[in-house]
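Taking it in order: structure first as structure tokens, then the write-up.
Bear in mind these aren't lab numbers, they're just calculated from the coordinates by the rules spelled out. All figures in this text were calculated on a predicted structure; none of them were measured in a lab. Using ideal geometry, Cβ is built from the backbone for each residue, glycine included, and neighbour counts are taken over all protein chains shown.
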Amino acid sequence: MTDLVERYLASVERRLPETTAKDIVAELREALGAKVDARAAALGRALSADETAAIIKDYGHPVVVASRYASHDYVIGPDYYPWFWHVQRIAVGFAVAISFGVVAIRALGSEEPVTAMFRGVGGALQAALIAFGVVTALFIAAERQKLDMTWAQRWNPKDLPREYIRKPRSLFESAVAVFFDIVFILFWTSLLKFPNELPLREGASVAVTLSPAWAAVYWPVLALAMMAAAGHLHDMVRPAWNRFRSGLSIAGYAGGLGVVWVLFQSRPFVDVQPQPGTSPEELERALQLVDGVFLVVLGFGALIWTITLGVEVYRQIRATRMSEPCAPLTV
């Protein structure tokens, strides 16, 4: 099965009811396969990407094809409804992404970053609601004015994302990730403080801080955190897998592994300062405990990053292989 066909089918499947999606996609795959095979047999050779794209385009945009299999009580008419949610996602995604960018800038320059951050979250929600309302109003107006929809025919199957490689990330998932990215960046730049006192027993505690080992990776960690935030903002606009986003992930995972390697050469990971009433023995046990927790967390994180790095490299290879010319489809 060619890359173009798989991208098309995956894009249709994402918009279908889950209970019937597999059966519908199987029918579409069989129909497309027959069309491609017939055309290839007539030409006596494998089809080019442009020829395959022309066959796919005759079936219609994935948004329109998926809408044919869904039953809706339309507030917006059937000529426009297939595009309604498609445009909504783009508009709301842009609104939230821009709002979170403004949140980050304001929080970094504010004397009360936490307050600025939570106000920004409310502002992002408000921006999303405004975008939703504006798009809805535009679609209602377009239907009443019978706006020409010929622009919807100007799509190219070769521009479809590779949704068969990875399920697109939801807008909520990406927004939550951006929120925690901002929290971490504020913490890492010391604009956001968290309690660091660890109680040992009644009347004894220690203050936990990062050891000097982290000074060597301060800027790399900040750069990786900002790269992660940029990647999650990108996901809000383009949720499906693509080579650029995959490359960003690969760079991030590789950079994270490099940071962990540097830290492992400079243990301990933390310093502990005794509070009044804490004995030297308790101080030593606290250091071993907290440092051991960091060791496990960083080691587990390195393992996860190694696996996900390999997965992304495999996805890049798979996308390359699927993009190569191939023989006629077989069903």
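Under 22 Å of direct C-alpha separation, and excluding same-chain neighbours fewer than eight residues apart, LYS167 reaches these lysines: LYS22, LYS158. For semi-axes √(5λ) of the Cα gyration tensor in Å, which listed value, [x] 49, 27, 15; [y] 38, 25, 17; [z] 26, 24, 20, comes from the coordinates shown? Correct label, based on the coordinates given: [x].
The value given for the stretch 1-43 is a Kirkwood hydrodynamic radius of 11.0 Å, derived from the mean inverse Cα-Cα separation.
Please give the FRET efficiency for VAL297 paired with PHE244, using the beta carbon to beta carbon distance and R0 = 25 Å, rounded to the nearest 0.05.
Given R0 = 25 Å and the Cβ-Cβ separation, E is 0.25.
Multiplying the sequence separation of ILE140 and GLU112 by 0.36 nm and subtracting their Cα-Cα distance, what value in nm do you get? Show your work: numbers first, answer last.
Details: separation 28, 0.36 × 28 = 10.08 nm, distance 4.22 nm.
So the chain would gain 5.9 nm between ILE140 and GLU112.
Per the Kirkwood formula applied to alpha carbons, the stretch 7-73 shows a radius of gyration over Rh ratio, Rg over Rh, of 1.04. With contacts taken as Cα pairs under 8 Å at a separation of at least 6 residues, the stretch 1-71 carries a relative contact order of 48 percent. When you work out D = kT/(6 pi eta Rh) for the stretch 172-222 at 25 °C and 0.890 mPa s, using the Kirkwood radius from C-alpha pairs as Rh and the Stokes-Einstein form, the result is 185 µm²/s.
So if I place +1 on the C-beta of Lys and Arg and -1 on the C-beta of Asp and Glu, and nothing else carries charge, what would the dipole magnitude of the stretch 128-214 be about its Cα centre? I want it in debye, nearest 20. Could you put the intermediate results ahead of the total?
Details: 10 positive and 8 negative charges, 73 e Å.
Computed about the Cα centre, the dipole is about 360 debye.
A full extension of the chain between TYR314 and VAL176 corresponds to an added length of 47.0 nm, given 0.36 nm per residue minus the alpha carbon distance. Close amide H partners of LEU200, meaning residues 5 or more places away or on another chain with modelled amide H under 5 Å apart, are SER205, VAL206.
The slack in the chain from LEU257 to ILE98, taken as 0.36 nm per residue of separation less the alpha-carbon distance, amounts to 54.2 nm. Could you tell me whether the stretch 171-323 comes out rounded, prolate or oblate from its Cα gyration tensor? Rule is a ≥ b ≥ c as square roots of the eigenvalues, rounded for a/c under 1.5, then prolate if a/b exceeds b/c, otherwise oblate. Taking the square roots of the gyration eigenvalues as a ≥ b ≥ c, the stretch 171-323 is prolate. The label point for ARG39 and the one for SER279, both projected 7 Å from the Cα toward the Cβ, are 8.1 nm apart. Projecting label points 7 angstrom from Cα along Cα→Cβ for LEU125 and LEU289 puts them 3.7 nm apart. Among the helices of the chain, those built from whole DSSP H runs whose Cα atoms reach 30 Å or more along their own axis and whose mean Kyte-Doolittle hydropathy is at least 0.0 are 21-43, 81-108, 113-144, 243-264, 280-323.
Counting neighbouring beta carbons within 10 Å and listing from fewest to most, the residues HIS86, HIS232 come out as HIS86, HIS232. Look at TRP305, TRP85 and count the other Cβ atoms within 10 Å of each Cβ; fewest to most, that gives TRP85, TRP305.
If you place +1 on the Cβ of every Lys and Arg and -1 on the Cβ of every Asp and Glu, how big does the dipole about the Cα centre of the chain come out, in debye to the nearest 20?
On the way: 31 positive and 31 negative charges, 190 e Å.
In debye, rounded to 20, the chain gives about 920.
Annotation: amide H of LEU192 within the under-5 Å range of PHE187, sequence separation 5 or more or interchain, hydrogens built in the peptide plane.
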